[in-house]
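Report on the structure given below.
The values are calculated or read from the model by the stated rules, or taken from the named source; none is laboratory data. None of these values were measured; they are calculated from a predicted model. No Cβ is skipped: glycine too gets one built from the backbone with ideal geometry, and neighbour counts run over all protein chains shown. Accessible surface areas use protein heavy atoms only, side chains included; no ligands, DNA or RNA. Shrake-Rupley method; radii C 1.70, N 1.55, O 1.52, S 1.80 Å.
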Amino acid sequence: MNLEELFSFNLCTRCTGRIFAGIGTGLTNKERGESLLFAYNALIGSMQEKTSCYICNGIFDQFDKYLKIVLDRLSGYEYNSFLVGSKFDPEIWKEKIKFKKKFGKKGESIKKEFNREFGKYMENITGKTYSKDPDIIININTIYDYVEINVKSLYIYGVYTKMRRDLPQTRWIHGSGDSIESIIGEELKKITESENYYLHGSGREDVDVMMLGNGREFVIEASNPKKRSVNLEEFKFAVNSKNAGIKIDKLSFCDKKRVKEIKEAKHDKVYRAVIESDGIMDREKLIRACELLTGNKIEQQTPRRVLGNRSDIIRKKEIKYIKIEDIMDKTATIQICAEAGTYIKELVNGDCGRTNPSLTSLYGEKLRVKSLDVIYINRGD
């Protein structure tokens with residue numbers, strides 16, 4: 001390395017040391033630069049440390065200014081951890097390329113050093129934790145001295161039961177009205193002062209189907225929350241005391257990975273269906289139809305009622321069992337345990353042959369679902 005050429009660039013000691021940031025450990029870039037300056041003075045001649053630098057413009061001595069900008073921007077936000085990003089003048093990148101050509105790929109960018117060193121500074125001042133998986137990402141624009149923040153969503157896991165036959169799981173695309181998502185989400189939005197909320201369910205039930213028993217798993221996401229310290233028992237009470245037809249339970253904080261886990265989970269479900277026919281229900285024929293379906297697989301082509309939202313494919317689903325609980329005149333109450341993703345209404349009515357076999361095809365007369373409830377989800381809890 002040519003020391004005379006290195007110091008001919010008139011950089012400060014920190015920027016000089018950054019050119020060789022990848023060499024050795026335990027030293028700051030400023031300390032590397034000071035060692036190089038010492039070597040220059042010892043071997044070549046007298047050189048004073050530069051008080052100004054056209055690369056960094058003294059930005060590492062301005063952390064207090066940037067911290068004030070950051071803390072002003074974060075006013076009102078609760079957070080325990082943070083990560084720093086930054087933006088620098090593109091001309092600095094051109095200089096970096098020039099140094100790399102002359103002195104090799106041993107350095108690091110000013111952006112990387114700034115993010116690290118400002119992160120340490122902010123950590124020491126605020127007591128918050130510098131983290132790669134933070135509550136808040138702070139992006140500092142050093143060109144125009146302003147700050148943008150990216151707030152990590154808050155995720156809460158739970159299970160819900162639904163005791164209404166007019167309640168969708170997610171918000172209406174058009175119009176207004178209650179949904180499981182809005183009943184839970186509006187309360188969370190109020191507590192966290194978030195911009196929005198999203199419900200992620202482990203599957204879903206139809207609007208007119210009640211979700212009973214051990215409940216359906218969900219994760220409620222608060223988007224861009226200002227408050228993160230949610231008292232889960234108080235949150236649970238606030239939702240349940242609305243008497244809006246749902247109850248939530250088993251709440252715990254979780255991360256985004258939990259959303260993927262519950263969406264990908266495949267659990268058998270147990271249903272109670274009240275079915276009806278046009279004539280008096282024939283007990284023996286119904287018993288035989290239920291026996292023929294128990295333990296066997298059916299083929300279900302995507303039901304006509306959901307074709308607008310689902311691909312038109314054929315799915316094979318196993319019916320674990322069908323038990324008759326009661327028969328009275330033109331109706332029967334049955335319990336069905338089926339593989340995840342089985343369309344129960346179509347299992348009963350046959351959907352004009354798109355589900356085969358069905359209770360209707362095996363019974364020999366038209367059957368239809370009068371009411372349907374999910375009474376248990378076999379997830380091992």
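Please compute the length gained on full extension between Asp282 and Lys226, using 0.36 nm multiplied by the number of residues separating them and subtracting their Cα-Cα distance.
Taking Asp282 through Lys226 to full extension adds about 14.1 nm, to one decimal.
For region 1-82, what ratio Rg/Rh do Cα atoms give with a Kirkwood hydrodynamic radius?
Reported Rg/Rh, Kirkwood definition of Rh: 1.15.
Cysteines of the chain lacking any other cysteine beta carbon under 4.7 Å?
Result for the chain is Cys15, Cys56, Cys254, Cys290, Cys337, Cys352, no neighbouring Cys Cβ within the cutoff.
Would you mind classifying region 250-381 by shape? Square roots of the alpha carbon gyration tensor eigenvalues, ordered a ≥ b ≥ c; an a/c under 1.5 is rounded, otherwise it is prolate if a/b is larger than b/c and oblate if not.
It is prolate, given that a/c is not under 1.5 and a/b is the larger ratio.
Just to compare against my own numbers: the Cα pair-distance distribution for region 316-381, 10 Å bins, whole % per bin, please.
19, 55, 23, 3
So who's got an amide H within less than 5 Å of the one on Asn80, skipping anything under 5 residues away but keeping other chains? H placed 1.01 Å off N, in plane.
So Asn80 has HN proximity to Asp135.
How about region 132-202: which chymotrypsin sites (Phe, Trp or Tyr not before Pro) there lie in a loop by DSSP and see at most 12 other Cβ atoms within 10 Å?
Qualifying residues, ordered by number: Tyr144, Trp172.
Round to a whole angstrom and tell me the spacing of the C-alpha centers of region 275-328 and region 177-256.
What the calculation gives is 32 Å, centre to centre.
Measuring with a 1.4 Å probe in the full set of protein chains, what accessible area per residue, in whole Å², belongs to the chain?
Ligands and nucleic acids excluded, the figure is 52 Å² per residue.
Helix 283-293 versus the longest principal axis of the chain: what angle, 0 to 90°, nearest 10, using Cα atoms?
The two axes meet at around 30 degrees.
When the accessible area of region 1-109 is split by element with a 1.4 Å probe, what percent falls to carbon and sulfur?
Carbon plus sulfur share of accessible area: 52 percent.
What angle, in degrees between 0 and 90 and rounded to the nearest 10, separates the Cα long axis of helix 63-73 from the longest principal axis of the Cα atoms of the chain?
Taking Cα atoms only, the helix is inclined about 20 degrees.
Quickly work out the Ile143-to-Lys65 label distance, labels modelled 7 Å from Cα along the C-beta direction, and quote it in nm with one decimal.
Distance between label points: 1.8 nm.
Over 27 Å between Cα atoms, which of Lys247/Lys370; Lys65/Lys112; Lys152/Lys263; Lys106/Lys256; Lys263/Lys345 qualify?
As for pairs spanning more than 27 Å Cα to Cα, those are Lys106/Lys256.
In region 229-268, what trypsin sites (Lys or Arg not before Pro) fall in a loop by DSSP, with at most 15 other Cβ atoms inside 10 Å?
Counting only loop positions with at most 15 other Cβ atoms within 10 Å, the trypsin sites (Lys or Arg not before Pro) in region 229-268 are Lys242, Lys266.
Which listed residue (Phe20, Leu367, Gly213) has the Cα farthest towards the positive end of the charge dipole for the chain, taking +1 on Lys and Arg C-beta and -1 on Asp and Glu C-beta about the Cα centre?
Of Phe20, Leu367, Gly213, it is Phe20.
Given 10 °C and 1.306 mPa s, how large is the Stokes-Einstein diffusion coefficient of the chain in µm²/s, with Rh as the Kirkwood radius over Cα pairs?
This corresponds to a translational diffusion coefficient of 61 µm²/s.
Residues with amide H under 5 Å of Gly215's amide H, sequence separation 5 or more or different chain, H placed in the peptide plane at 1.01 Å from N; which?
Ile377
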